[in-house]
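I have placed the structure first, in the form of structure tokens, so that the comments after it can refer back to it.
No lab work stands behind these numbers, since they all come straight from the coordinates. The structure displayed is predicted, hence computed values, not measured ones. As a convention, Cβ positions derive from the backbone with ideal geometry for all residues, glycine included, and neighbour counts pool all protein chains shown.
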There are 2 protein chains.
Amino acid sequence: MTLEFFRLQTREEVLALYPRFMPVGVEEVDLAAALDRVLAAPVSAPEDVPSFPRSSMDGYGVRAADTFGASVGAPQYLEIKGEVPMGAVPQRPVGVGETLRVPTGAMLPPNADAVVMLEYTAEHPDGTLEVRRPVAPGENLLQPGEDVREGEILFPAGLPLRPQDLGLLAALGVTHIPVFRRPRVAILSSGDEIVPIAAKPAAGQVRDSNAYLAAAQAAEWGGIPAIKGIIADDFEALKSALAAALKEADLILISGGSSVGARDLTLEAIKALPAADVLAHGVAIRPGKPTILAQVGAPPLPLLGLPGHPASAAVVMEVLGKPLLARLAGLAGPSPWGGEAKALLSRNLAGASGREDYVRVRLRTEGETLWADPVLGPSGLLSPLVKSDGLVMIPLGVEGLLRGEPVRVRLFSPGR
Amino acid sequence: MTLEFFRLQTREEVLALYPRFMPVGVEEVDLAAALDRVLAAPVSAPEDVPSFPRSSMDGYGVRAADTFGASVGAPQYLEIKGEVPMGAVPQRPVGVGETLRVPTGAMLPPNADAVVMLEYTAEHPDGTLEVRRPVAPGENLLQPGEDVREGEILFPAGLPLRPQDLGLLAALGVTHIPVFRRPRVAILSSGDEIVPIAAKPAAGQVRDSNAYLAAAQAAEWGGIPAIKGIIADDFEALKSALAAALKEADLILISGGSSVGARDLTLEAIKALPAADVLAHGVAIRPGKPTILAQVGAPPLPLLGLPGHPASAAVVMEVLGKPLLARLAGLAGPSPWGGEAKALLSRNLAGASGREDYVRVRLRTEGETLWADPVLGPSGLLSPLVKSDGLVMIPLGVEGLLRGEPVRVRLFSPGR
């Protein structure tokens with residue numbers, strides 16, 4: 001057991017290393033399965049929506065000019081020439097002084113340029129329509145291309161698809177769409193004290209909880225996690241488990257033992273992988289200092305070595321793992337999962353000298369004020385994380401934050 | 001085509017109808033598949049975590065009293081009696097003036113009540129440890145039960161599970177867990193003008209986009225959607241399609257035609273279902289007035305009739321469908337999907353007389369200010385919804401909101 005000194009890199013320095021990792025490949029999915037998936041190519045509109053002039057009200061298709069001057073006291077009268085059936089082409093145009101009934105969603109007849117709403121009319125037994133209000137040209141209808149114009153670029157590549165995006169794509173007849181594959185995330189645990197969660201730990205042993213935490217985070221952020229089990233603190237075992245993961249994953253997470261010895265072994269095993277390059281060993285965040293980022297194999301895949309303390313591992317995943325997954329997933333913007341809330345800090349907080357400090361907080365509403373209550377406790381504990389809604393960061397070089405200061409809370413996803 | 005008058009119910013009145021619908025059944029899932037699932041029973045801790053006194057630092061297990069008074073100038077000296085291996089039981093206790101090496105995560109030897117960090121020590125060749133700083137009892141270790149106490153209630157029923165919750169359950173050896181089934185959502189579309197999205201619509205026809213929008217919303221909020229296709233505007237066809245859906249779903253959504261005639265037919269078909277009771281027909285929200293809520297079958301299942309305009313359907317799903325899914329999914333609190341942001345309104349907005357008005361907005365950051373820019377456009381259009389990040393509600397009885405007023409934006413999920 002020897003003392004270990006890190007050459008700490010800042011979070012920004014680590015994030016600046018990510019562009020070397022390329023988004024995973026592309027696949028085509030059915031539109032019904034495309035929610036939350038990330039577009040791999042821009043989408044432009046293959047046609048106009050709507051493709052025909054469409055009534056947006058139940059009423060009467062008219063030449064707007066025929067209604068000008070109409071009022072309750074002095075209605076205009078038009079001759080009803082029939083009805084446009086839903087989904088069909090009108091059988092005749094609208095002549096001067098004429099009208100056709102048009103239900104909501106029906107096609108406007110030729111020469112009609114507006115729809116008078118049912119509410120402002122009365123049908124007389126002789127087939128005459130009384131119009132009590134004028135309409136302007138274009139009123140109560142959707143023009144062809146008013147929603148979307150043919151050729152218009154609708155979505156850039158790198159965008160995660162939301163329900164309304166899928167609705168618009170459906171309206172355009174897009175049944176399949178190219179998206180980035182979901183990154184496959186292999187999760188390895190190492191440490192002689194770790195046992196599977198189904199086991200009853202003997203004295204001195206603990207269950208493999210970090211793998212489940214990291215797997216769920218990866219899944220939450222669009223990855224496909226695979227829990228690969230526990231590897232003994234043994235160089236050959238670690239190396240071969242990592243090499244196997246390298247063949248089938250897009251990202252390797254290894255949750256190392258927290259002891260210096262276990263970390264050393266993990267680091268040696270990583271360095272023994274093909275084309276291995278340790279890019280960062282020690283990050284200036286608290287908790288989470290003993291984090292490893294490496295590139296392994298060719299083309300280079302990222303490997304993230306997570307600290308053993310659960311709160312440290314969770315913070316490293318939030319701060320470094322989430323943007324890494326976003327990069328691999330082809331997201332152009334920031335990760336869409338987990339938002340931010342503005343709150344007031346409810347007590348003084350001292351920062352971590354020389355490191356960005358991530359403090360777990362619980363949100364509490366009091367009247368109109370949202371308070372962030374720090375949830376303190378050693379990073380070896382899980383329960384403070386469970387009691388928290390998100391993290392408040394005390395920046396590098398800031399000695400602390402005062403009670404009542406406004407803070408941005410990085411919310412865990414999903415919320416509660 | 002006859003004029004239709006609704007007896008509008010408020011949103012609150014409609015939400016107050018939901019308790020009659022019972023959460024769907026319970027299933028047991030593997031912990032690795034439990035993310036976002038809703039607990040069907042409270043969970044209490046079957047054991048202490050940690051189950052033994054655990055070092056949280058690389059260092060030396062000591063009797064704290066032996067270190068009192070230690071300093072760089074006047075260190076204390078202890079006799080090193082060996083090391084505690086990871087995952088093992090210490091071979092001997094710590095006697096007065098003695099110490100054992102304890103890596104992070106290792107079990108503390110009997111009689112040791114603190115850990116001196118490696119940083120504040122030096123090992124001498126004769127097996128003596130120089131201690132340069134005192135430690136208090138309990139320092140640098142986790143006590144048994146410090147994270148979680150046996151019998152402690154950890155999670156109430158009705159809670160959606162987050163990554164850290166799964167981590168804690170894994171630490172406790174919980175491999176399977178009872179959760180509510182995900183509600184099955186049958187989505188039917190009606191309207192003679194509607195064609196499948198793979199079809200090329202003839203003039204006057206449009207594609208079935210609302211089904212894809214509603215299905216994705218249901219999936220986003222924990223449901224399992226099934227798109228059941230398009231039913232002709234025909235009473236018998238509608239009735240038999242609804243009866244079939246009733247047999248295999250926990251919630252039926254029917255996206256009706258927007259015309260009065262189509263709505264009348266849909267309503268008649270709903271009323272013809274077994275044990276049908278139309279609970280609401282017309283809701284005081286804009287867009288979304290022509291919404292139907294019914295209970296059908298026994299025990300009663302909810303049926304939500306969505307307006308035909310896409311923006312109306314999307315808003316009704318957000319405002320009424322999401323809490324309905326939350327109820328069926330057994331969620332005790334509000335739906336965890338989609339958050340809220342506080343922003344300033346960037347222009348004056350007039351409300352909808354007699355209805356709650358839901359205005360689509362796009363968020364824009366300018367300096368430190370978050371602006372909500374209204375995205376206007378008829379509710380027959382999809383593109384304003386695509387351009388928006390969320391909704392601002394103008395309450396019933398409020399004539400409008402002024403530029404610069406602070407507003408709460410109900411964010412669409414997932415965010416961007």
Quiz item: Sequence-distant or interchain residues sharing an amide H contact under 5 Å with residue B:389, placed H: which?
Solution: B:361, B:362, B:363
Quiz item: On average, how much area does the Cα convex hull of segment A:340-411 cover when viewed from any direction, in nm²?
Solution: 4.6 nm²
Quiz item: What percent does the relative contact order of segment A:340-411 come to when contacts are Cα pairs within less than 8 Å and at least six residues apart?
Solution: 48 percent
Practice problem: Take B:281, A:309 and order them by how many other Cβ atoms sit within 10 Å, fewest up front. | Solution: B:281, A:309
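Summing -39500 (n - 2.57) over the DSSP H runs of n ≥ 4 in chain A and dividing by its residue number, what mean residue ellipticity at 222 nm do you reach, to the nearest 500 deg cm²/dmol?
It comes out at -4500 deg cm²/dmol, rounded to the nearest 500.
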Quiz prompt | More than 17 angstrom apart: percent of Cα pairs within segment B:216-274 | solution = 40 percent
Quiz item: When chain B is turned about an axis onto chain A, which of its residues keeps its C-beta closest to that axis, and how many Å is it?
Solution: B:339, 2
Exercise. For segment B:286-416, build the charge dipole from Cβ charges (+1 Lys, Arg; -1 Asp, Glu) around the Cα centre, then report which of B:312, B:406, B:351 sits farthest towards its positive end.
Key: B:312
Quiz item: Mind checking the dipole of segment B:340-411: about its Cα centre, +1 per Lys or Arg Cβ, -1 per Asp or Glu Cβ, Debye to the nearest 20?
Solution: 160 debye
Exercise. Among DSSP beta bridges whose residues both lie in chain A, state the antiparallel percentage, nearest 5.
Key: 70 percent
Quiz item: Considering only segment B:1-123, what is the antiparallel percent among its DSSP beta bridges, to the nearest 5?
Solution: 75 percent
Quiz item: Which distance in Å, rounded to a whole number, links the C-alpha centroids of segment A:240-277 and segment B:314-360?
Solution: 46 Å
Quiz item: Based on Cα positions only, what radius of gyration and what Dmax would you give for segment B:32-106, in angstroms?
Solution: 19.0, 60
Exercise. Just tell me how shielded A:366-379 is by partners: mean number of partner chain Cβ atoms within 10 Å of each residue's Cβ, no decimals.
Key: 1
Quiz item: What ³J(HN,Hα) values, in whole Hz, does the Karplus curve 6.51 cos²θ - 1.76 cosθ + 1.60 give for segment A:349-359 when θ = phi - 60°, with x put for Gly and Pro?
Solution: 9, 8, x, 9, 4, x, 9, 5, 10, 10, 9
Quiz item: Measuring label to label, 7 Å along Cα→Cβ, what does residue A:3 give against each other copy in nm, shortest first?
Solution: 8.9
Quiz item: Across peptide B:29-40, what mean number of C-beta atoms from other chains lies inside 10 Å of a residue's C-beta?
Solution: 3
Quiz item: Looking at chain B, how many pairs of lysines come closer than 29 Å at the Cα, when each pair is eight or more places apart or spans two chains?
Solution: 24
Self-check item: Area projected by the alpha carbon convex hull of segment B:54-142, averaged over all directions, nm²
Solution: 4.8 nm²
Quiz item: Summing Lys, Arg as +1 and Asp, Glu as -1, what charge do residues with Cβ under 12 Å from the Cβ of residue A:403 carry, residue A:403 excluded?
Solution: -1
Quiz item: How big is the protein assembly as shown by the Kirkwood estimate over distinct Cα pairs, in Å?
Solution: 29.7 Å
Self-check item: Rel. contact order, % - alpha carbon contacts under 8 angstrom, at least six apart, chain A
Solution: 16 percent
Practice problem: Quick one: which residues, 5+ away or cross-chain, put their amide H under 5 Å from the amide H of residue B:59? H built at 1.01 Å from N. | Solution: B:102, B:104, B:118
Exercise. Please figure out what share of the DSSP beta bridges in the protein assembly as shown is antiparallel and state it in percent, rounded to the nearest 5.
Key: 70 percent
Quiz item: If the viscosity is 1.567 mPa s and the temperature 4 °C, what translational diffusion coefficient in µm²/s does Stokes-Einstein give for segment B:290-386 when Rh comes from Kirkwood over Cα pairs?
Solution: 82 µm²/s
Self-check item: Normalised convex hull volume, chain A, alpha-carbon set, Å³ per residue
Solution: 207 Å³
Quiz prompt | Most mobile listed residue (A:185, A:359, A:102) in chain A, GNM with C-alpha springs under 10 Å | solution = A:102
Quiz item: What's the longest piece of chain B with no exposed chymotrypsin sites (Phe, Trp or Tyr not before Pro), counting a site as exposed if DSSP puts it in a loop and it has at most 13 other beta carbons within 10 Å?
Solution: B:69-416
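Among A:264, B:277, which comes first, second and so on when ranked by fewest other beta-carbon atoms within 10 Å?
Listing A:264, B:277 from fewest to most nearby Cβ atoms yields B:277, A:264.
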Exercise. For residue B:95, place a label point 7 Å out from Cα along the Cα→Cβ vector, do the same in each other copy, and report the separations in nm, one decimal, smallest first.
Key: 12.0
Exercise. For every other residue with a beta carbon closer than 11 angstrom to the beta carbon of residue B:63, add +1 if it is Lys or Arg and -1 if Asp or Glu, then tell me the sum.
Key: -3
Practice problem: Would you be so kind as to identify which of B:142, B:157, A:232 lies farthest towards the positive end of the dipole of the protein assembly as shown, taking Lys and Arg as +1 and Asp and Glu as -1 on Cβ and the Cα centre as origin? | Solution: B:142
